[in-house]
Each structure stands twice: as C-alpha cells, then as structure tokens.
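Here is the structure we will look at, set down as structure tokens.
The values are calculated or read from the model by the stated rules, or taken from the named source; none is laboratory data. Just so it is clear, the structure is predicted and the values come from calculations on it, not from any experiment. Methodologically, a virtual Cβ is constructed for each residue, glycine included, from the backbone with ideal geometry; neighbour enumeration extends over all protein chains shown. Areas reflect the complete protein model, heavy atoms only, side chains present, ligands, DNA and RNA absent. Shrake-Rupley method; radii C 1.70, N 1.55, O 1.52, S 1.80 Å.
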Amino acid sequence: MKEKNFVDELPPTERRILHQNESMPPYIIFEIIRQEGEEELVRPLRALIFSGLAAGIFVSFSFFFRAVFNMHMGDSQFAPIVSSLGYTVGFLIVILGRMQLFTENPITTMIPLFSEFSFQRLLKVIRLWSIVFFFNIVGTTIAALFFACDYAVSPEIQAALHIIADDMTTLPAIDNIFHGIPAGIIIAALVWTAPQTKNFRFITITFFVYFIALGDFSHVVVGSCEMAFAVIDGDASFTDYFFRFLIPTGVGNIIGGTGIFTMIIYNQVSQRLKHNKN
C-alpha cells in the first residue's frame, strides 16, 4: 500500500497555498521566457516600430530624472546614492508598460533561438533587434532634442543634464565595452527573474536598475540620449556618438546579456530540456 504524503493530507486550500509559494525550477522560467520570445519574434512591423520608438522616448526619463535628483542634491556626498534612484524612472515606465527595449532582447529573443535553432529563426531575431534598436535610438534622439529646448526645460535642469552627459563623453570606446557588459548582465537577470517576482515587479526593476546607475555601468539606450544631448550641445561629435559610445556599448550589452548570462542559463537547463523533448 502506497504511503500517504503529508501534502496529500492537507486541505485543498492549504495545498494551493503551498504550491503558490514554491520556487519555479529554472527550466520552467526558461519556457516562460521562450514563449514570450516566440511572441515577440512574430510581432507586426508597425507594432515593433511604435513600441521601440516609445521605449526610446520614455526610457530617456532615466537620464532626465537622474539629472533632476542630482540638481537637488547639489554637492552632497550622498548625491550619487540619491540621484541613481532617478535612473530607475524610465525603466519602470518602459518595462511595466511592456515596450520594446533593445537590451531585453538579447535574452528574450535568443532563448527561442537556442532552444530550436534555424536560419529562418535567426533572420527573425536579426529583424527584431535591428528594428527595435533603430527606433530606440530615434526615440532617445527625439527626447534629447526636447531636453535641449530652452522652452521645454529650465536652465537649472539643463545644467544638471550637461553634468550627467559630460561624464558619458569622457569614456573611451574600450571602457564603454567593459562598462556595458555588467549592464547587459543585470538587464538579462532582471528579465530572467521576472516570472518569479511577478507581484513585486516595481521593487525588482527599481533594485536592479538602481545598481546599474550606482555602478556607473553603460546602458546603450539611455546613454544614447545622454550622448545625443552632448552632440546637440556641441560637447561631442557624431564620431564620438557612434564609434566611442553607441557601437562599443551596444557590443558590451550584448556580450553581457547574451554571451555571458543567456549562455550560462541555457547550459544550466539544456539537459532537462532535451530530456523533456525525448
């Protein structure tokens, strides 16, 4: 006779509570993200364009509010600790609003590619990355033009924006690659933990993104608004924008998000996935 398990003897309500508090195994999280990635790969062009454009515009509020917090903190030694909270604003809008942000794609869309590789699927990934990245950058450029407008933003805030943007213009290309790697890892980790923290997404996003700012890591989309602002102001050139910031930081984010985090996670669950298929 089969011995009864303690869980089987619990009332249905208590069993449901127990199951709700269990941690998801990694292969289940992988499957959740894979399904989301599959949906993203077939999104219509128009939806991708406007979602990417909106993400570029709204994530630029991270640059704006970091500068505003910094302005109000003045010369306080706690200014970086407080102003880094402002950096989370744009990400909260974009991620909770389900907009297309390029740095989420290196894990969300690569997981479907790793799970079932095909040339056709690779082309879909390239299409998605290209469209989202391009319109993210268009969005940040629009935001930078707005921030640089004297009628839209006060001189005090513009001065604070200049201070933040100037820090971005001083980094050489190699530094932007290495500063971009941790940012890519952190954003990928944020996507990976999302299914487990569904009811605490606001706190999770704030926590992860806060440390990107506090660690002074480089995020290609937010940073593109900062660099575009510097170009408009005449503090940087188009060469600086593309070859000293945009391309190196984008490479760093992809290395961190796909080359490191996603590859490690995939190898963690690959055996279980093969077993499930068989």
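What to note about this one:
- Test for Ile232: is it of a type in the set (Val, Ile, Thr), open to solvent by 60 Å² or more (accessible area, probe 1.4 Å) and in contact with a Leu (Cβ under 8 Å, 6 or more places away or on another chain): yes
- Exclusive hit being aliphatic (A, V, I, L, M), over 20 Å from Asn105 (Cα atoms) and at pLDDT below 95, set Leu171, Leu161: Leu171
- Among residues that are buried (at least 22 other Cβ atoms within 10 Å of the Cβ), out of contact with any strand residue (DSSP E or B) (no Cβ under 7 Å at 6 or more places or on another chain) and under 22 Å from Val132 (Cβ atoms), Thr249 is included.
- Exactly one residue out of Ile131, Ile93 is in contact (Cβ under 8 Å) with a residue 60 or more places away in the chain and not charged (D, E, K, R), and it is Ile131.
- Matching option when the condition is more than 12 Å from the chain's Cα centre (by Cα) and on the phi > 0 side of the Ramachandran plot, among Gly234, Gly215: Gly234
- Selection status of Ser76, at pLDDT below 90, of a type in the set (Ser, Thr, Tyr), out of contact with any strand residue (DSSP E or B) (no Cβ under 8 Å at 6 or more places or on another chain) and open to solvent by less than 60 Å² (accessible area, probe 1.4 Å): yes
- Meets criteria (over 12 Å from the mean Cα position of the chain (by Cα), assigned to a helix (DSSP H, G or I) and either farther than 20 Å from Phe58 by Cβ or among the hydrophobic types (A, V, I, L, M, F, W, C) (or both)) for Ala228: yes
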